[in-house]
Structure formats: structure tokens, C-alpha cells
Amino acid sequence: MSRSGLARMKDSVKMDPRILSFYFHLRIARRRLCLEENWSFNMERDPIFTMICFLIVVFSHLELSEEVDVLGVEGSISDGETLVSSLETFQLGFFSPGKSRNRYLGIWFKTCPGTVVWVANRNNPIVDGKGVLTVSDSGNLVLLNQTKSVVWSSNMSGTAQNPVAQLLDTGNLVLKDNKSTAGSYLWQSFDYPSDTLLPGMKVGWNLKTGEEIYLTSWKSADDPSSGNFTFRLDKNGLPQLVIDTESMKTYRTGPWNGFGFEAIPAYLNFLFKHNVVSNENEIFFSYEVANKEITTRLWLNYTGYLQRLIFTHDSKNWEFLYSAPFDKCGIYGFCGANSICSSRRADA
């Protein structure tokens, strides 16, 4: 094999040190074999040997780098193992937030593992570090601890013939029948959000069942259990988005005008397409990105602020686009009824 061919092969395996070590050990072994047997061929003159070496390296790489996005009935994910979406956008596995030693099953951005967007067992942590995620025979996702007790379940009604779980590149963990049509899900994590709204997710109401989908903040940076703030769609009158606590509203966007909300900066309409859909079955808010290359999230943090962030791939950091409430005047009812709020005076 020529030097350029070897260079291309190294590039194709992404310079995995284990593979390169294996390759060079193989060359050393071959040299010894040539000396012992007094063979005079080399890699350039022996295409069969060259092909065998190449195939061994390639298949070794495939085995070492295998990542899957699907979990079936016969499979499981233990602590330390993960699912990775097909384009390697999102990853599902076990984590401990901040200084906590508790273990949670969650989904995060693969390029930014510290940014968790969904937590399955947020209110019921695993304390023994021996969690296992499986798909039951009935088709439910089931999270077990060391004693095989159920910590969390998708709790889907009904059964599936060929149930599989799949982590999509949208960040959605779905349960489906493996023989069903695309987009037909038995259960999906998007219907049970934590503190983050991703493109394509909804907050709103199922008007047939009365079920509501909304965000709930973490309790703290170290504790993903349900916190004090919720972000939801207020369907009374003209729809608007609000941040609530148990006792009061802390923020509202103002009513939907068909294009956007009064309190959300208008320039964001060039980056995001905001939607409010209302019909006899449901009413909900969602958003999409105008440029699919943009990585973004809408995050309700544990202090009660709603933040729009964009990931900068060059710096590997999240950049703030806006935060709401913007100031004390953005806090619902801060100045009392029938009052005019001045940001300068309110912040003084």
C-alpha cells in the first residue's frame, strides 16, 4: 500500500489510536513472519495480504465505534451505556447533575453533554448507580434500579407487537411498533417535557382529553426534580404564553397576533417561525428554526427566567438571545393594577 493510500486509510478511521496501534502491531508481526519464513513479498507486491489488513482495520473500527439509536425488547441500556441519534445530535444515558450523586436517565446534546434537555425519572432518582433501561414485552419503556424495582415507566396503555424505542435527531425519544408507518408513535418524550422546549415540541392543551403539556423548571442546578416555575400556554381569551408559580403569574408574552407575541423581540421572527395552532382537538404553541444548521433551545431555568439560547459551534458555548422577564417591569403585575411601569425606576 502506498503512503498516500495509508494516509487515506488513517483518515477513514479517524486516527483511532486503538486501531492504529493494532495496525502497527500487525505490521511488526508480519515483518517477523517474513524474516522467519524468508518471504520476500511486501504490501505493495501482495494485494491479498494488503486487502486482508485493510479489512481487519476497517471492521475493527466499525466494532469499536458502533453507536445505535434503537432499543428493542431483547436489549437494555445500563449505566455507562448510551443511545445516540443517527446524526449524532442527541445522546440518551445516565447522568448526575452538578454535585449530586443521584443518577438520572436523560437526553442531552452530544456535542454539549452538560446540556440536559429531558429527564425521565426527575422526581425519582436512582441512588445505587445500577440503573437499567429496557423495553418490556408490552411495549413500555421501563427504568429499573439494582433491586429490579420500577423507578420510571412510559406507562403506555395498550400493547405493541414489535415494540422498539428510538432516539431521533430532534431529541425526541419515541416508542413505536417496528412495522408501523413513519411518524406513528405509541409514546414520545416530547409529550412529557422537562424544562426545555426544542424545535418541534409543543406547549398547550389536548381539548379532547383536557391534558396539558408544559415546561417545569428544575428545583436547582443539582436537582432536576420539579421546581417552582412552569411555562405554559394560557388558552383563556387570546392565547398567550405565561410563566407561573403556584400562587401567581410572573410573566406573560401578551396575546398571539397571528405572527408573534408582543413581548418576544420581533427580530427573532427572522430566525424562528413561531406557531400557534388552534382547532377543535388541540391548541398549542411550537416553533421551528429558519436555518436547520442552527442549534437552539428555549429553557425555563430554576430561577424562573425563560431564556432563548443558540449554540456556537466554534466556541462550543451557548449564547443568549434574550431572557424573559427582561427587567422588573416584565414581571406580571409588578407595579400593581392600572399602573405604568418605568424600567429605570423599577430597577433603581
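The values are calculated or read from the model by the stated rules, or taken from the named source; none is laboratory data. Note that the coordinates shown come from a computational prediction; the quantities given were computed from them, not determined experimentally. When we count neighbours, we look across all protein chains shown, and the Cβ atoms used for this are built from the backbone with ideal geometry, even at glycine.
Looking across region 233-263, the residues that are without any contact (Cβ under 8 Å) to a residue 40 or more places away in the chain and not in a strand (DSSP E or B) come down to N236, G237, L238, E246, S247, G254, P255, N257, G258, F259, G260, E262.
Count of region 203-232 residues, restricted to those that are under 26 Å from W256 (Cβ atoms) and either touching a helix residue (DSSP H, G or I) at 6+ places or on another chain (Cβ under 9 Å) or not in a strand (DSSP E or B) (or both), is 7. Annotation: of all residues in region 209-267 being in contact with a Lys or Arg (Cβ under 8 Å, 6 or more places away or on another chain) and of a type in the set (D, E, K, R), the one that is farthest from F190 (Cα to Cα) is D222. You will find that of N269, N275, N291, the residue that is among the polar types (S, T, N, Q) and part of a loop (DSSP other than H, G, I, E, B) is N291 and no other. In this structure, is I310 within 26 Å of L87 (Cα to Cα), of a type in the set (A, V, I, L, M, F, W, C) and not in a strand (DSSP E or B)? Considered against the rule, which asks whether it is within 26 Å of L87 (Cα to Cα), of a type in the set (A, V, I, L, M, F, W, C) and not in a strand (DSSP E or B), I310 comes out as no.
Here E212 meets the list (1) acidic (D, E); (2) under 22 Å from N140 (Cβ atoms); (3) in contact with a Gly (Cβ under 8 Å, 6 or more places away or on another chain) almost entirely, failing just condition (2). State the number of residues belonging to region 273-305 that are within 19 Å of the chain's Cα centre (by Cα), touching a residue at least 60 places away in the same chain (Cβ under 8 Å) and over 16 Å from I213 (Cβ atoms). Adding up the residues that qualify gives 8.
Condition check ((1) assigned by TED's automatic domain parsing to the domain that holds K292; (2) under 24 Å from Y214 (Cβ atoms); (3) buried (at least 16 other Cβ atoms within 10 Å of the Cβ)) across all residues:
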residue: S85; (1), (2), (3): no, no, yes
residue: Y104; (1), (2), (3): no, yes, yes
residue: P125; (1), (2), (3): no, yes, yes
residue: G131; (1), (2), (3): no, no, yes
residue: T159; (1), (2), (3): no, no, no
residue: L175; (1), (2), (3): no, yes, yes
